Amino acid sequence: MKSSEFTARRTQLMAEVGQGNIALIASAKVRTRNRDVDYTFRQDSDFYYLTGFNEPDAVAVFIPGREQGEYILFCKEYDEKKALWEGAHAGLEGATTDFSADDAFPIDDLSDILPGLLENKAKVFYPMGRDASFDHQLMEWITHIRSQTRSGINAPGELVSLEHLVHEMRLIKSDAEIELMRFAADISGNAHIRAMQQCKVGRYEYQIEAELIHEFMENGLRHVAYPSIVAGGKNACVLHYVENKSVLNDGDLLLIDAGAEYDHYAADITRTFPVNGRFSAEQKALYQLVLDAQFAAIEEIKPNTPWNNAHDVSVDVLTSGLVDLGLLTGDVTQLIKDEAYKDFYMHRIGHWLGMDVHDVGDYKINDQWCVLEPGMVLTIEPGLYIPKNCLKVDKKWRGIGIRIEDDVLVTETGYEVLTQAAPKTIAEIEALMN
Ligand code: GLY
Ligand code: MN
Ligand code: MN
């Protein structure tokens, strides 16, 4: 991502924050995995969106109209020894030259400098409630400023959610963001192809997970956007199954929900296919129904359409299909009203996608579903899950879990499926696997 993209975001944010106010946001922290081993660092998405700065121990401050510079970055000072052991870090000089901060200060001086920046500001925009220790710290600074009112210094009177502003910006993806998402989607789609090709009766779910990771890593995508779900047979009916340790049985389906992250942007793809390469009659019937629901839902993706239309259409298609197949009985309209489908389709059609897999952005405002706009990216992921112990339906359907998930960009005229690489029709899947 070019630095001009980050600059443009900050300019937009400054305009919304407004003169006389201040915004601040802290970086993510390094988290301990065990004893002295850390989890791989992942920057906070909002922080990265505004700064492009990929280090922990940093705080970004935005002060519209400040003469000595509007954008201040507190970060670690450059340390030769640290560079030798842990690798490069920007330091104060890098913060200004490489990351376009107008001013940079050592993070250790935050408590000395930040209260002065808060003085006489009306509103403080910051991500409230995200980090209890930061919340506490900010309150202390503000309380301290309040104690000085007799010397003519005013403390900020309003705390405002910064997320609201940033998340509205993040909801609409720029061309540069879409390029990154397209790449994450392509590689992730290829990983699903590899999984289909390498799937064999008797292999283990974790071995197929390894095939996915191989494709991600081989292409430089070192991180998954979320833990991969590799669920054979009835495991697919556990929506967040991530144990991935069962053997793959002849005659079962395999549901894989996996996507890589590329430069902080996620792909999120689900494919379901037969372990032995051929769908049984029951699997075929349910799979085609989910696919029909997915195609119908995707057709609802266009500007000015309420977000929920896609969900409603998926419910219509799935409910009438379940009646046709005999898994539900009754009048379709009444069954929809009674939410009878929820026994088998218990989640919603999808979610916003971006830097976070379940990305930021409102779904409803004032009780109205948001309407789609060009540049939004969302998943469309209908599914049917017939639990092994579901006595309501004929035995032949039990233990089948199917989801089909694609990432869809809203365009000026309709939609573009970003995750086309991964095949999903019955004919395409069987041809690839045989
Ligand atoms: N992979 C998480 C989801 O599909 O929502
Ligand atoms: Mn999803
Ligand atoms: Mn998914």
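The values are calculated or read from the model by the stated rules, or taken from the named source; none is laboratory data. None of these values were measured; they are calculated from a predicted model. Virtual Cβ from ideal backbone geometry, glycine too; neighbours counted across all protein chains shown.
Laid out as a table, the results:
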read-out: Some residue of segment 415-422 being under 30 Å from PHE47 (Cβ atoms), hydroxyl-bearing (Ser, Thr, Tyr) and free of Cβ contacts under 8 Å to residues at least 60 places away in the same chain; value: no
read-out: Flag for ASP38 being surrounded by fewer than 19 Cβ atoms within 10 Å (Cβ to Cβ) and in contact with a Ser or Thr (Cβ under 7 Å, 6 or more places away or on another chain); value: yes
read-out: Pairs with Cβ under 7 Å, 6+ apart, first in segment 298-314 and farther than 13 Å from LEU372 by Cβ, second surrounded by 19 or more Cβ atoms within 10 Å (Cβ to Cβ); value: VAL313/ALA297; VAL313/GLU300; SER314/ALA293; SER314/ALA297; SER314/ILE349; SER314/PRO382
read-out: Index of the failed condition, ILE213 passing every other in (1) more than 16 Å from ligand 2 (Cβ to nearest atom); (2) in contact (Cβ under 8 Å) with a residue 40 or more places away in the chain; value: (2)
read-out: Unmet requirement for GLN68, which otherwise passes all of (1) at pLDDT below 95; (2) within 25 Å of VAL224 (Cβ to Cβ); (3) not β-branched (Val, Ile, Thr); value: (2)
read-out: Any hit, segment 254-276, residues being of a type outside the set (Val, Ile, Thr), away from ligand 3 (no atom under 16 Å from the Cβ), farther than 17 Å from GLU416 by Cβ and assigned to a helix (DSSP H, G or I); value: no
read-out: Segment 221-234, subset within 20 Å of PRO274 (Cβ to Cβ) and surrounded by fewer than 23 Cβ atoms within 10 Å (Cβ to Cβ), residue nearest to ligand 1 (Cβ to nearest atom); value: ILE229
read-out: Residue match in segment 283-292 (condition: within 16 Å of ligand 2 (Cβ to nearest atom) and either surrounded by 17 or more Cβ atoms within 10 Å (Cβ to Cβ) or assigned to a helix (DSSP H, G or I) (or both)); value: yes
read-out: Any hit, segment 223-230, residues being touching a residue at least 60 places away in the same chain (Cβ under 8 Å), out of contact with any Phe, Trp or Tyr (no Cβ under 7 Å at 6 or more places or on another chain) and either part of a loop (DSSP other than H, G, I, E, B) or within 13 Å of ligand 2 (Cβ to nearest atom) (or both); value: yes
read-out: Checking ILE365 against (1) within 16 Å of ligand 3 (Cβ to nearest atom); (2) at pLDDT below 95, the condition it does not meet; value: (1)
read-out: Residue within segment 109-127 that is farther than 25 Å from SER161 by Cβ, out of contact with any helix residue (DSSP H, G or I) (no Cβ under 8 Å at 6 or more places or on another chain) and not basic (Lys, Arg) present; value: yes
read-out: Strands (runs of 3 or more DSSP E) wholly inside segment 371-418 containing at least 3 residues that are within 16 Å of ligand 3 (Cβ to nearest atom); value: 377-380, 383-386, 400-403, 406-410
read-out: Pair list, Cβ under 7 Å, 6 or more apart: segment 256-275 residue closer than 15 Å to ALA184 by Cβ and among the charged types (D, E, K, R), other residue more than 14 Å from ligand 2 (Cβ to nearest atom) and part of a loop (DSSP other than H, G, I, E, B); value: GLU261/LEU221; ASP263/MET1
read-out: Index of the failed condition, GLY251 passing every other in (1) out of contact with any helix residue (DSSP H, G or I) (no Cβ under 7 Å at 6 or more places or on another chain); (2) buried (at least 23 other Cβ atoms within 10 Å of the Cβ); value: (2)
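Residue-by-condition table, conditions (1) in contact (Cβ under 8 Å) with a residue 12 or more places away in the chain; (2) hydrophobic (A, V, I, L, M, F, W, C):
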residue	(1), (2)
LEU327	yes, yes
LEU353	yes, yes
HIS358	no, no
GLY361	yes, no
PRO382	yes, no
ILE402	yes, yes
VAL410	yes, yes
